[in-house]
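S.K.: One structure, pasted below without further comment.
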Amino acid sequence: MKIDEKYYRTIWPIPGAPAPKNEATFTVGIIDQTRLPHQFKVLELATMHEMGFAITNMQVRGAPLIGAAAAYGLALAVQSDPSDEHIKRAAQTLINTRPTAVNLQWAINRMQNRIKGVPIEGRQQVAWQEAALICEEDVQINRAIGQHGLKLIEQACAKNKKNTFNILTHCNAGWLATVDWGTALSPIYMAHDAGMNIHVWVDETRPRNQGASLTAWELGQHGIPHTVISDNAGGHLMQHGQVDMVLVGADRVTSKGDICNKIGTYLKALAAFDNLVPFYAAVPSPTIDWSIKDGLADIEIEMRPADEVSYISGLADDGQVKSIRLTPQHSHAINPAFDVTPARLVTGIITERGVTLPDQLKQLFN
Ligand code: MRU
């Protein structure tokens, strides 16, 4: 995606000086998402621990990008010490950074499977290659999701015959949440580029405001008309016929099609169901956890620091980004970061293989 006419991905290897035996070495570039939308800052990460910190503190975030970041984190670990013992410890450290998005575990497993059996001296090169391949595949998958989702939007548009097609999205499932394209926003970019009249309702997505700060910024960079709304406004807009489709991403999807996504998604699905608004989730295959069926029983929901609820940050009049307290000093707060939308509320799942009913997800991948 382009930022001020320059092409970026959200993560990339940066070549360094060759090591003593002439192996190529790398650091990893990321866009610090905690600074957006007010500052665009690139960070260069040199160790697995720096990558772990970046994931935990959400400098990189979004399920597919977390997977890619974990893969590069493991490559950094292999670069510093390719022994089995060190790789095992590094894998566990990275897995512990965030529990809900299954892409993280998936990427670490894939990296470990690829590295095991490779002689010590060849591991570094293989690790960097595999991490790059994971990123490449992510871009291809999201492009395919965009193409399938575009057809869906075209069909829905043809039926509703309004001038503008209004899509509501929650959190950030755009290119910032992936290596490129995004999941839920990929069809939106393609529909806009195809000349369709798309307008996006952007849920602010408390407490970290990924919608207000990241989705709005991304859509703005691409020139897509959008309006930021408070998280509570979606139901009202649906009741008044102002939402034609809800399109969200996912952090973990079960084999029967339950969708775990950013906290608040479930409420949007309920409102969509009540108002007969189609509710779609855009889901790359690495986000599907085939080992579980029941999203409510089987998915660990990340509990993040309560301060993310008690405080809010933004650009003050003096041009400084500041964090201010919202709640009374002694009020207790909790911060579950995800919720589960049961498959029965989901109209369809958009994957790289096509669009399916939730209960036919398995058949699509067989
Ligand atoms: O906590 P985050 O910002 O890492 O949450 C992930 C998300 O952005 C969303 O849940 C998203 O819709 C799925 S990732 C494409």
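S.K.: Give or take rounding to whole Å, what are the principal axis extents of the alpha carbon atoms in the range 45-140, in descending order?
M.R.: Its Cα atoms span 33, 28, 21 Å along the three principal axes.
S.K.: Next up: Between residue 163 and residue 120, what's the calculated FRET efficiency when r is the beta-carbon distance and R0 is 45 Å? Round to 0.05.
M.R.: Efficiency, rounded to the nearest 0.05: 0.10.
S.K.: Taking amide H atoms as placed 1.01 Å from N in the peptide plane, list the residues 5 or more away in sequence, or in a different chain, whose amide H sits under 5 Å from that of residue 311.
M.R.: The list, which skips near neighbours in sequence, is 326.
S.K.: Here's a follow-up. Rank by packing, highest mean first: peptides 294-307, 181-194, with packing defined as the count of other Cβ atoms within 10 Å averaged across residues.
M.R.: Going by the mean number of other Cβ atoms within 10 Å, highest first, we get 181-194, 294-307.
S.K.: While we're looking at this one, here's another question. With only Lys, Arg, Asp and Glu charged, each at its Cβ (+1 for the first two, -1 for the last two), find how big the charge dipole of the range 1-116 is about the Cα centre; round to the nearest 20 debye.
M.R.: The dipole of the range 1-116 has a size of about 300 debye.
S.K.: If you don't mind, there's one more thing I want to ask. Using 17 Å as the cut-off for backbone N distance, which residues of the range 1-16 belong to the label zone defined by a point 7 Å from the Cα of residue 313 along Cα→Cβ?
M.R.: none
S.K.: Would you work out which of 54, 71, 106 lies farthest towards the positive end of the dipole of the range 2-136? Charges go on Cβ: Lys and Arg +1, Asp and Glu -1.
M.R.: 106
S.K.: Let me ask something else. Describe numerically, in nm with one decimal, the distance between label points set 7 Å from Cα along Cα→Cβ at residue 290 and at residue 44.
M.R.: Each label point lies 7 Å from its Cα, and together they span 4.1 nm.
S.K.: Here's a follow-up. Cα axis of helix 265-274 to longest principal axis of the chain: angle in degrees, 0 to 90, nearest 10?
M.R.: 30
S.K.: Still on this structure, please answer the following. Determine one quarter of the surface area of the Cα convex hull of the range 1-85, which equals its mean projected area, and express it in nm² to one decimal.
M.R.: Projected area, direction-averaged: 6.5 nm².
S.K.: For the charge dipole of the chain, defined by +1 on Lys and Arg C-beta atoms and -1 on Asp and Glu C-beta atoms about the Cα centroid, which residue among 126, 189, 215 has the Cα displaced farthest towards the positive pole?
M.R.: 189
S.K.: Sticking with this structure for a sec: Just to confirm, what accessible area per residue do you get for the range 145-365 at 1.4 Å probe, in whole Å²?
M.R.: Normalised by residue count, the accessible surface of the range 145-365 is 42 Å².
S.K.: Note down the magnitude of the dipole of the chain about its Cα centre, charges +1 on Lys and Arg C-beta and -1 on Asp and Glu C-beta and zero elsewhere, to the nearest 20 debye.
M.R.: 420
S.K.: Suppose R0 equals 35 Å; then what is the FRET efficiency for residue 89 and residue 365 from their Cβ-Cβ distance, rounded to the nearest 0.05?
M.R.: Plugging the Cβ-Cβ distance into 1/(1 + (r/R0)^6) gives 0.60.
S.K.: Which peptide among 159-165, 87-93, 263-269 comes first, and what is the full order, when sorted by highest mean count of other Cβ atoms within 10 Å?
M.R.: Most protected by this proxy first, the peptides run 263-269, 87-93, 159-165.
S.K.: What does a probe at residue 303 reach in the range 54-91, counting residues whose amide N is under 20 Å from the point 7 Å along Cα→Cβ?
M.R.: 56-58
S.K.: May I have the extent of the alpha carbons of the chain along their three principal axes, as whole Å values ordered from largest to smallest?
M.R.: Extents along the principal axes: 66, 55, 44 Å.
S.K.: What whole-number value in Å² describes the accessible area per residue of the range 1-124 for a 1.4 Å probe? All intermediate terms of the calculation are to be shown ahead of the outcome.
M.R.: Details: 5690 Å² over 124 residues.
I get 46 Å² per residue for this part.
S.K.: Now for a separate question. Pairing the Cα long axis of helix 84-95 with the longest principal axis of the chain, what angle in degrees results, from 0 to 90 and rounded to the nearest 10?
M.R.: Helix 84-95 and the main axis of the chain meet at about 20 degrees.
S.K.: Quick one: Debye curve from the alpha-carbon atoms of the range 291-351 only, equal weights, vacuum; give me log10 I(q)/I(0) at q = 0.14, 0.20, 0.30 Å⁻¹ to two decimals.
M.R.: Debye intensities relative to I(0), on a log10 scale: -0.66, -0.86, -1.23.
S.K.: Set the Förster radius R0 to 45 Å, insert the Cβ-Cβ distance between residue 113 and residue 5 as r into 1/(1 + (r/R0)^6), and round the FRET efficiency to 0.05.
M.R.: Working: r = 40 Å, r/R0 = 0.88.
Between residue 113 and residue 5 the formula returns 0.70.
S.K.: Please report the carbon-and-sulfur percent of the accessible area for the chain; probe 1.4 Å, protein heavy atoms only, DNA, RNA and ligands left out.
M.R.: Within the chain, the accessible surface is 53 percent carbon and sulfur.
The values are calculated or read from the model by the stated rules, or taken from the named source; none is laboratory data. Since we're looking at a predicted model, the values are computed, not measured. Reconstructed Cβ throughout: ideal geometry from the backbone, glycine too, with neighbour counts over all protein chains shown. Only protein heavy atoms, including side chains, enter the accessible area calculation; ligands, DNA and RNA are left aside. Shrake-Rupley method; radii C 1.70, N 1.55, O 1.52, S 1.80 Å.
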